[in-house]
Structures are given as structure tokens and as C-alpha cells.
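The next block holds one structure in the form of C-alpha cells; read it before the comments.
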Amino acid sequence: MRFWPGWERKKDDLNDELEAHLRIAVEERIARGESPEEARGAAVREMGNSALVADVTRSAWGWQWLERVLQDIRYAVRGFRRNPTFSFTVVLTLMLGIGATTAVFSVVDRILFRSLPYADSGRLVSVGLTAPIETQEFALGGFYYEWQDNQKPFVSLTSETATEPCDLTEVNPIRLDCAHIEANFLPTLGVAPVAGRNFLADEDRPNGPKAALISYALWQKRFQLDRNAIGRVIRIDGHPIQIVGVLPKDFEMPRLQAADILLPQALDVAAERRQSPEHVMWAFARLKPGVSIEQATVELQPLFEYSLRLAPAAFRKEVHLKVRSLRDRQFHDVHRAAWMLLGLVAAVLLIAYANVAGLLMARGASRERELAVRAALGASRLRLARQALTESFILSLAGGIAGCLFAAILMRLFVSLAPEGLPFLSKARIDLRIFGFTLAVSLVCAVFFGLISITRRRGAEALNQRARVSSQRASLRQWLVTAQIAMSMVLLAGGALLVRSFWNLQTQNLGMSAENIMTAAISLGQTSYPTNESQLAFFQQLQHNLRFGPGIALAAMSDSLPPGGTHRDQIFAPIHVEGKPQVTSGTGGTVAWRWVTPDYFKALQIPIVQGEGFTEGELASSGNFVVLSRSLANRIFSGQNPVGQQLRLHSGAPDSENPLCTVVGVAANVKNGGLAGGEEPEYYRLRRNRPEDWDQSAVVILKTSLPASVSEQWIRSQVASIDPTLPVDVNTLHEEVGKMADQPRFEMLLVGFFACTGLILAVIGLYGVVSYLVVQRTAEIGVRMAVGASRADILRLVLRSALRMIIPGTLIGIALAFAMTRMLSSLLFNTGTHDPAAFGGVTTLLVLVTLLATLIPARSAMYVDPTVALRSE
């Protein structure tokens, strides 16, 4: 009975059709006077060359081919059912390898391969200057407009200024992020609003009509995608502003910062050209067709040298022109990490391939008798090869489908664990391109595994030959396991280095305490609080209310908090000690500084190592006071006592803007450049009860003994009692410090996951090979035990075979890890790429785990019954 039930009926129909045409042709020839014999012979000859016969033949061959394919599929499925453990193991292994590879490719695809969400994004570049105070390229209003007027390599040049918090002060006020852009910003990027229009030129001028572009997310969340929102007037920081358009759903700012609302810069261009540059900008341009980045840099060099006249002569050698692709600007910091991640999953995929290859070779050896029988019954090598490819294709397809499902789960896991600030991860999707990648990987698996199976099946020699593994093939399987162990060593070494780095990051001394500290970040609206006096009054009232609250031990205010990198900066050179010559050449690097109130140091437990620090009595003083960090004090005063000394912080500026400051103390160094950054030199200025010392923003610092949830509710109530429309961001300082470790934690978990996956696959492969070797050597083991070998001797025999794979794999893995972990150097904190503790730990772990995987089949070998083993022979 044939596999395709309709084949017999189809064949009969084809024969009937041929007979009918032949009969008609014979009748026509007889009618023309030919004899029946001549007519039939001529008709048969013509029919043999006719298109109908060709069609019928092709159709018959097509049905036969389909029948054979379906037969191969049915035979393969039947074989998988007879050995479900093998089938499940192969599919599971492929699922882990292909799923991990697909998930990571979805993440790095946008970083390494996918174009940015702008029209012809390959021609977009970032343009500007780099200096010690700012390593990312920037522009200043004083020369930016000269560049815009005289540049030649660009179709257009545009800019954005700082993105700042802003408040939507309507019903249910919310805190948003507002970015200020030029009117030609979106056209330069090649972006058009999905609803409404772009800014007009008049709207980008001082005192022009107030307009705003809102993000798609804000349009969806606040206005429910209502197109009538276009033209609606909303109040931002109390100002009435008209919505003129909605940004595309996939729009992102070139610097990848969050932006809910875009506003025109509305700068006075004429004033910017006349005065010293004050507005810091970030410039972007679209290259003319055929112009490279190198050519653009050469053409901008004269403009850059002309702009250097604005910088002091001593600083000019530290300022450089930089033109680079927008992709490089966005992903430069994560580019190496993306390649590293892709390399890690490639290692996992190779381990999975090696594992499945070993399983298929072992299965092929066990089926040699079966294949010899099929060959003796007339099956050709082509027939056996087609069957092998069919089986490998089914397994690979099943593994690919399971891998896609596993990749979707991994993507959800990655997104849930990922820290904020990784927009390329949150937007990663398994789309048709990624599905195509998965399909390609699965097809490669199918061909690879099919070739392995074909190679095995050509080795079937005779019907009565005992199915056993030759020494050459056994050696190949052992080297596959050795390769798996080596790749696992590389993965484990990378994971161990990141674990060590993360531990060092978490346990380092910050120079301050974050325990029992509540913080409340507040930014006042310009309309409600237009003057420094009104801003001072608000913060004084708030500090008074909070200071005497329940459980509050100390209350202080600052404009920023360590250890984050969000503080004010200046260059070192203008800091000048009164009465001493200024000897600094160049910029001298950067110095951080903050506005603080007297209890700032006590609340954060920052020790004052010299002097007394700020006092309450100085709040009403007309003097100017400063506290230096220890590193800055040592640099300025070279070991002398700085307390009581006077200095100017901005030499060269008018005295009204650069008063003499008295040093009243030296504070211990604090981690102020981020968890992974250094301890930057820093000074603190006292925020006195004078309007000029205050602005719109402040961070409240409370040391409290109450639970965080109770303190948060109480802080919000106190802010609302003064201004119920004012948003406030309340957190514990411990949580904020923890968030800074989110990215290293994510990197550690990611690499650790792949390391564990690789180790599990390698252990499975080792277990499978050792188990198969034990089965193949059952007779030998029986003979050994019959002539007096003990169970310990059998254990040593099996372990010796396993160590031939474990030791070379571990040594090769250590050598590879030493060479490849250098790629992790930028991700490590206070940890060397060849850290002995990390390498020693993972080497011990790998050897112990692989030996444990060996003990299970070794135990089976120890309890082999010699009588049964010999009888089976």
C-alpha cells in the first residue's frame, strides 16, 4: 500500500487520458486511408514526442517525488518516536542555542546592522568640538552660526540645546522632558510629523508664537490619539503653548535622551553672534551626496581654526574638531559590548552544534546494522542520504521553532531586567528579518547535521558486521566535547570577571552613607516662580516644614547628589588663590561643584577633615564660603592648610561675578563621577539666604528613621501644602545608588546566563559521550572484571577516558579566555582581565562539574555484571 492514497487513482487517470488521445489519432489516420497497423504505429511515434506525454511524465515524476518525501518524513517521525529521549535532547539543545542566538541578534541587530529611524541615515553626522570638560562633541552659539553660514560639505546643519524637566500644569499635572530644537531640526534628520506640521521659521524666533511638537507616546497617553489635539493649547510650566504636530512613533532624539515635548530654541541669533558664547548646543548635519566624513572634516578645518579665537590661547591645544557618523555617536559606548555579546552567543551556538553532532554520530553508530540491512535490500546511497537530510531537517525545524519561542521569552526577560537608558533594547523586536535569520540558522543546522549523518551511514559495511565505533570516529566525538568544554571555559571566565567587577562596584567605599536617606527632587515652573526671590521663599518654607517633621533627624538641600555624574563642572585653570601667581597651563582638567546647605555633610556623613565646614550662622552672612574636597585642596595648596585662605573660582571674570571665597573646611573625597568613575576634585558653595544663590531646582535630603513609604507620603503632603500643582520625585538614596549599578548588573546576568547555558550543554555532551563509551565497552569491562579488576579499577578507567577530554578542553579554554577577555576591559571595575581568583574559581568549577557528569555513567560501569556482559557478545 502506497503512502499517498490517491497515487493509484492518479496513475489510472493519466493512463486513460493517454489511451483516449491515442485512439482519436488512430481513427483520424484510418479516415485518411491508412491501414490500422500503419495508423497505430505512426500515432504511437507522434504521441511519444508530444507535449501531453511530457506533461504526464512530469506529473507522474512529481507525484512520485512527493510520495518519496512523505515516506521519508513518516519514517523519520517513526524513528523519533522509538527514541524520544534522543529527539527531545536534540530539539532542546537546538532550542537553547538558536533561541539565545536569535534573542541576542534581535538586540545587537539595531546597534550593528539596522539603519537608524531617519531618512537616509547613513549621511547624518554629529559635528562639534571636544574639550577636557566635555568629551562628547558640542557647539557654542558664538561660532555655531558662523559654521552654519559658511559650511560647504553639508546639505543642512541643525542643533538642539539642553533637554530639561518641564511640567504640564493642567488637570493632573505631570513632569515631562522638554527639548529645544531649531526649526530645521526634523527636516535635517529626514523626519516628518505623523499628524500636524513642523515648526515655522517665525516660531523659532524670540517672542515668536509658542508652539510644541509632542511625542507619539504622550499623544496616546494624554490625548488618546485624538487628532483634535492638534491646535489645542496646553500649559507648560504655566506658559500657554499650542500643539502643532505629533512626532512619529519610532522617533528618537539623536542623543537618545528622552523627550516628551519639542520646543523651538527661539534664540536671538544676532545677540549670539555678538556676545561671548553662552548657549551650549549639539549640532547635527546631513552630508551632501558623495561627501565622506573625512572630506567634511577637512573642509570644516578652516572654520574650526577661525573659531578657536574665542578660546584662551592656553586652551586651544586641548580643543579638537570632531565629525563622526550619528550611529557612532549613539552606539560608540556599546558597540564593543554588542560584538562581545554576539560572540558569546556564537560560542553557545557552537557548543550546541557540537553537542548535537556528537549525539547524531552516536545514533548513527547504533543504526549501522539497520542501514546495512536497508542497503542490502536495495537502498541506494542517494536514498539513504535523502533520508538523513530529511531527519536532520525535521529536527532542525523543530529546534528552530522552539528557539523562536524561547527567544521571545528571553527578549521579555532581557527587557524586564534591562536598566533605563537602553532604548535600543526596549525597541528590539523579533521581526521578519530576525525570523529570516533564525530560519537561516536552522537550515545551516539541517545541512550540517545531515552531512554528519551521511558520513556516518557511508560507514555501514556489511549485514552481519557488529555495530561499533571506530577509534577515529570516537576520537572525533571526544574532540567535539573538548571543544565544548573549551568554549564553556571562555564563557565562564567572562562571567566570573563580571561578577568580580560587580562585587567590587557594590562594595566600594563611596565616601558617604546612603542609609536612611530620603531625597526629593523639585523643579519650579518659571511662570509660578519667575524670580529668585520667589524660588528662595518656596525652598525656605519647604525646608522649615520638613526639618521639624516626624522622624526627621537632619534636613539639607543641594542642587545635585553624589555618586551620580549629574553635577556642575568647570575647568581647573580659572581657580586662583588670592595673592599667589597662577601657574597652571592649559585647562588643568575639570572640577565638580555643588550648591549645598550647612547640614549637607552631616546628613550624608561626609567627614570634614579640616576646618568646621558650613555653619547656620553663615547663612545670613554677606561673605562667600567654600568647602574643598581633599583632592582639590591638595592640588591647590600643595599640602598647606587651606582653611582661612581666599580664592577666586573664575579668574578673569568681573569681580561682581567672581567674588572672593573663604575656605572654611576640607571634606573627605566622595565618589562623584558615577559608581564606575573616579573621585573628581570638587568644591561646595554655601547656599545662603540670598536670592542670587538659588534657582528653580533643588534636591531635598532628609535623614529619617521612618519607613520609606511613610516618609514619601509625608514629603509629598508637605510639598502639596505649599503648591498642590508641583510634581515631586521622591526616592531613597539607597535606591538611586542601586539604579546606577543596573547596567553592570544586567551585563553580569546576561553573560552569566550564557555561561551557564554553555556549561549545561557541555555537561550534557560529556555525559552523552561517556555514557556511549561505557555502553560500547561493556564487553571489555566485563572481561576486565572477570579477570579480577575491581570496581575502583573500572572507575579509574572511565575517569581516565573523561579526563582525556576535560583536561585538554580546560587548558585550551584558559588560553582562549586569556586572549578574549581583553574585550571586557571597558566593562570591568577594579578587576584585571586576567584576575587569578576569577580564573582559578571557574577552572575549579568546570573540572568539578564535568567530573560529576562523568560519575553517573562511571557508576553504571562499576556495577556491570561480567556474566551478562560476556553473554551479550
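Taking residues in the stretch 329-355 that are over 23 Å from Val441 (Cα atoms) and at pLDDT 75 or above, and partners anywhere that are in a helix (DSSP H, G or I) and not charged (D, E, K, R), the pairs with Cβ atoms closer than 6 Å and at least 6 places apart or on different chains are Phe331/Ile111. Gly674 satisfies every condition listed in (1) more than 30 Å from His335 (Cβ to Cβ); (2) at pLDDT below 90 except (1).
Within the stretch 758-778, can one find any residue that is among the hydroxyl-bearing types (Ser, Thr, Tyr) and at pLDDT 85 or above? There is no residue in the stretch 758-778 that is among the hydroxyl-bearing types (Ser, Thr, Tyr) and at pLDDT 85 or above.
Evaluating Gly190 against the criteria (1) in contact with a strand residue (DSSP E or B) (Cβ under 8 Å, 6 or more places away or on another chain); (2) at negative phi; (3) surrounded by fewer than 21 Cβ atoms within 10 Å (Cβ to Cβ) leaves one unmet condition, (2). Going by the structure shown, is Arg500 farther than 23 Å from Leu176 by Cα, open to solvent by 20 Å² or more (accessible area, probe 1.4 Å), free of Cβ contacts under 8 Å to residues at least 40 places away in the same chain and of a type in the set (D, E, K, R)? The answer is no for Arg500. Any idea which residue in the stretch 781-794 is surrounded by the most Cβ atoms within 10 Å (Cβ to Cβ), counting only those that are free of Cβ contacts under 8 Å to residues at least 40 places away in the same chain and of a type in the set (D, E, K, R)? By that ranking, first place goes to Arg784.
Taking strands (runs of 3 or more DSSP E) as the structural unit, those lying wholly within the stretch 106-207 and holding at least 2 residues that are within 28 Å of Pro302 (Cα to Cα) correspond to 124-131, 134-140, 154-168. Is it the case that the stretch 218-232 has a residue that's surrounded by 16 or more Cβ atoms within 10 Å (Cβ to Cβ), part of a strand (DSSP E or B) and without any contact (Cβ under 8 Å) to a residue 40 or more places away in the chain? Checked against the condition, which is being surrounded by 16 or more Cβ atoms within 10 Å (Cβ to Cβ), part of a strand (DSSP E or B) and without any contact (Cβ under 8 Å) to a residue 40 or more places away in the chain, the stretch 218-232 yields no hits at all. Any residue in the stretch 315-337 that is in a helix (DSSP H, G or I) and open to solvent by less than 20 Å² (accessible area, probe 1.4 Å)? Yes - at least one qualifying residue is present in the stretch 315-337.
Inspect all residues belonging to the stretch 153-163 and state whether any of them is in contact (Cβ under 8 Å) with a residue 60 or more places away in the chain, charged (D, E, K, R), open to solvent by 30 Å² or more (accessible area, probe 1.4 Å) and within 19 Å of His279 (Cβ to Cβ). Checked against the condition, which is being in contact (Cβ under 8 Å) with a residue 60 or more places away in the chain, charged (D, E, K, R), open to solvent by 30 Å² or more (accessible area, probe 1.4 Å) and within 19 Å of His279 (Cβ to Cβ), the stretch 153-163 yields no hits at all.
Can you confirm whether Leu816 is assigned to a helix (DSSP H, G or I), under 30 Å from Gly677 (Cα atoms) and open to solvent by 50 Å² or more (accessible area, probe 1.4 Å)? Spelling it out, Leu816 is indeed assigned to a helix (DSSP H, G or I), under 30 Å from Gly677 (Cα atoms) and open to solvent by 50 Å² or more (accessible area, probe 1.4 Å).
Checking each residue in the stretch 691-735 for being out of contact with any helix residue (DSSP H, G or I) (no Cβ under 6 Å at 6 or more places or on another chain), closer than 25 Å to Gly511 by Cβ and of a type in the set (Gly, Ala, Ser) picks out Ser697, Ser705, Ala708, Ser711.
Out of all the residues in the stretch 69-82, is one or more buried (at least 23 other Cβ atoms within 10 Å of the Cβ), at negative phi and touching a residue at least 40 places away in the same chain (Cβ under 8 Å)? No, there is no match, as no residue in the stretch 69-82 is buried (at least 23 other Cβ atoms within 10 Å of the Cβ), at negative phi and touching a residue at least 40 places away in the same chain (Cβ under 8 Å). Against the condition in contact with an Asp or Glu (Cβ under 8 Å, 6 or more places away or on another chain), farther than 26 Å from Gly128 by Cα and either hydrophobic (A, V, I, L, M, F, W, C) or crowded, with 17+ Cβ neighbours inside 10 Å (or both), how does Asp237 come out, does it pass? The answer is yes for Asp237.
Residue count for the stretch 836-848 satisfying the condition of being over 15 Å from Leu491 (Cα atoms) and either in contact (Cβ under 8 Å) with a residue 60 or more places away in the chain or among the hydroxyl-bearing types (Ser, Thr, Tyr) (or both): 1. Counting only residues that are in contact with a Ser or Thr (Cβ under 9 Å, 6 or more places away or on another chain) and either more than 17 Å from Val591 (Cβ to Cβ) or open to solvent by 10 Å² or more (accessible area, probe 1.4 Å) (or both), the stretch 659-671 holds 3 of them.
When Thr169, Thr188, Thr161 are checked against the criterion of being among the hydroxyl-bearing types (Ser, Thr, Tyr) and within 17 Å of Tyr118 (Cα to Cα), Thr188 stands alone in meeting it. The residue that is most open to solvent (accessible area, probe 1.4 Å), among those in the stretch 605-651 that are in a loop (DSSP other than H, G, I, E, B) and of a type in the set (A, V, I, L, M, F, W, C), is Val643. Scanning the stretch 510-539 for residues that are of a type in the set (A, V, I, L, M, F, W, C), in a loop (DSSP other than H, G, I, E, B) and under 15 Å from Asp723 (Cβ atoms) returns a single hit, Leu524. Every condition in (1) within 23 Å of Glu735 (Cβ to Cβ); (2) surrounded by 19 or more Cβ atoms within 10 Å (Cβ to Cβ) is met by Gln484 except one, and the failing one is (1). Checked against the criteria, Arg468 does not count as at negative phi, in contact with a Gly (Cβ under 8 Å, 6 or more places away or on another chain) and at pLDDT below 75.
Is it the case that some residue within the stretch 566-580 is under 15 Å from Leu686 (Cα atoms), loosely packed, with under 15 Cβ neighbours inside 10 Å and either among the hydroxyl-bearing types (Ser, Thr, Tyr) or over 42 Å from the mean Cα position of the chain (by Cα) (or both)? No; the residues of the stretch 566-580 include none that is under 15 Å from Leu686 (Cα atoms), loosely packed, with under 15 Cβ neighbours inside 10 Å and either among the hydroxyl-bearing types (Ser, Thr, Tyr) or over 42 Å from the mean Cα position of the chain (by Cα) (or both). Here is the figure for the stretch 249-304: residues that are open to solvent by 50 Å² or more (accessible area, probe 1.4 Å) and under 27 Å from the mean Cα position of the chain (by Cα) total 4.
Only one entry in Pro581, Pro598 is touching a residue at least 40 places away in the same chain (Cβ under 8 Å) and in a loop (DSSP other than H, G, I, E, B), namely Pro598. Being outside any loop (DSSP other than H, G, I, E, B), under 27 Å from Ala285 (Cα atoms) and of a type in the set (A, V, I, L, M) is the requirement here; does Ile98 meet it? Taking the combined requirement at face value, the residue does not satisfy it.
The values are calculated or read from the model by the stated rules, or taken from the named source; none is laboratory data. The structure presented is a predicted model; accordingly, all values stated were derived computationally and were not measured. Positions of Cβ are generated from backbone atoms using ideal geometry, with glycine treated the same way; all protein chains shown enter the neighbour counts. Quick note on the areas: whole protein, heavy atoms, side chains included, nothing else; ligands and nucleic acids left out. Shrake-Rupley method; radii C 1.70, N 1.55, O 1.52, S 1.80 Å.
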